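Notes follow the structure.
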C-alpha cells in the first residue's frame, strides 16, 4: 500500500513540492497503477513476442574528449563561465 509518507519521500527525492491534498490524491493514483500492473501480470503472454523487441545490442564506444568548433559561441551564451566551462548553481542540498 502506498502511504502519504511514501509519496512525501518520493516528492522529496524528485525535488517537488506537494500539499496534503495532492499527496493524498497521488497516493491513491499510485496505488491504482500498482494494482493495474498486478492485474496485467496475470495475463498469459506465453508465445507472444514483445512489441518493443528490437535487434539492437549494446554498443560501446570510447568516451573521448573532442573539440567543438563553436564552443566559444556556446560559452558566450552561458550566464556564467569559469575556466572555459559553464558554471551552474549547486542544486542538491542533501
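Quick notes on this one:
- Secondary-structure-derived ellipticity at 222 nm for the chain, considering helices only, amounts to -13000 deg cm²/dmol, per-run term -39500 (n - 2.57) for DSSP H runs with n ≥ 4.
- Relative contact order, percent, the chain [alpha-carbon distance under 8 Å, six or more residues apart]: 17 percent
- Between residue 44 and residue 9, the modelled label-to-label distance comes to 3.8 nm, taking each label 7 Å out from Cα in the direction of the beta carbon.
- Gyration tensor verdict on the chain (Cα atoms; rounded if a/c is under 1.5, prolate if a/b is larger than b/c, oblate otherwise): oblate
- The modelled label-to-label distance between residue 22 and residue 37, using points 7 Å beyond Cα along the C-beta direction, is 2.2 nm.
Bear in mind these aren't lab numbers, they're just calculated from the coordinates by the rules spelled out. Since the structure is predicted, the reported quantities are computational estimates derived from the model, not experimental observations. When we count neighbours, we look across all protein chains shown, and the Cβ atoms used for this are built from the backbone with ideal geometry, even at glycine.
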